[in-house]
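Scroll down for the structure; my scribbles are underneath it.
The values are calculated or read from the model by the stated rules, or taken from the named source; none is laboratory data. Because the structure is predicted, anything quoted here is derived from the model rather than measured. Backbone-built Cβ (ideal geometry, glycine too); neighbour counts: all protein chains shown.
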Amino acid sequence: AQKSGVDLEKAIEAVKGGAAASWQLTNLAPRIIKRDFRPGFMIDLMQKDLNLVMGAAEAVKTPLPVTSFIHQMYYSLQSAGEGKSGTQALVKAMEHLTGVKVGQGK
């Protein structure tokens, strides 16, 4: 949205009222815009849980392609020293891929 010039706060408000509404959108999106990556739930802990999920899926031969992608994105953040950041810091991995920095904080 930001890359196309859409006001992020207005976009969040519009989406929050529909089927895409979620706790993450309501609570973490405003923090992302402010570049607030303080943890509520740390990436390191999310990765612990994702490791368990991926192991369980492998044990029953069940592919989880989207979960695997997110797991790798969080791994890239851990490799960059972001393991203690909140899970909303996932946006930093997307910023790296797109070349677009989200939000207004420093």
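Residues of the stretch 81-106 that are closer than 27 Å to Ser4 by Cβ, small (Gly, Ala, Ser) and surrounded by 12 or more Cβ atoms within 10 Å (Cβ to Cβ): Ser85, Gly86, Ala89, Ala93, Gly103, Gly105.
Is it the case that Pro30 is more than 11 Å from Thr87 (Cβ to Cβ) and either surrounded by 12 or more Cβ atoms within 10 Å (Cβ to Cβ) or polar (S, T, N, Q) (or both)? Before you say what the answer is, go through the steps one by one.
Details: more than 11 Å from Thr87 (Cβ to Cβ): yes; either surrounded by 12 or more Cβ atoms within 10 Å (Cβ to Cβ) or polar (S, T, N, Q) (or both): yes.
Taking the combined requirement at face value, the residue satisfies it.
Summed over the stretch 68-93, residues that are out of contact with any strand residue (DSSP E or B) (no Cβ under 7 Å at 6 or more places or on another chain) and either at pLDDT below 95 or basic (Lys, Arg) (or both) total 1.
Between Asp44, Asp36, Asp49, which is part of a helix (DSSP H, G or I), surrounded by 13 or more Cβ atoms within 10 Å (Cβ to Cβ) and of a type in the set (Asp, Glu)?
On the way: Asp36 fails: part of a helix (DSSP H, G or I); Asp49 fails: surrounded by 13 or more Cβ atoms within 10 Å (Cβ to Cβ).
After applying the criteria, what remains is Asp44.
Conditions tested, residue by residue: (1) over 20 Å from Gln24 (Cα atoms); (2) in contact with an Asp or Glu (Cβ under 8 Å, 6 or more places away or on another chain); (3) of a type in the set (Asp, Glu); (4) part of a helix (DSSP H, G or I).
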site	(1), (2), (3), (4)
Gly55	yes, no, no, yes
Glu58	yes, no, yes, yes
Phe69	no, no, no, yes
Tyr74	no, no, no, yes
Val91	no, no, no, yes
Met94	no, no, no, yes
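In the set (1) farther than 17 Å from Gly86 by Cβ; (2) polar (S, T, N, Q); (3) touching a Ser or Thr at 6+ places or on another chain (Cβ under 9 Å), Gln24 fails one condition alone, (1).
Filtering the stretch 76-89 to residues that are closer than 11 Å to Ile43 by Cα and part of a loop (DSSP other than H, G, I, E, B) leaves Gly81, Glu82, Gly83, Lys84, Ser85.
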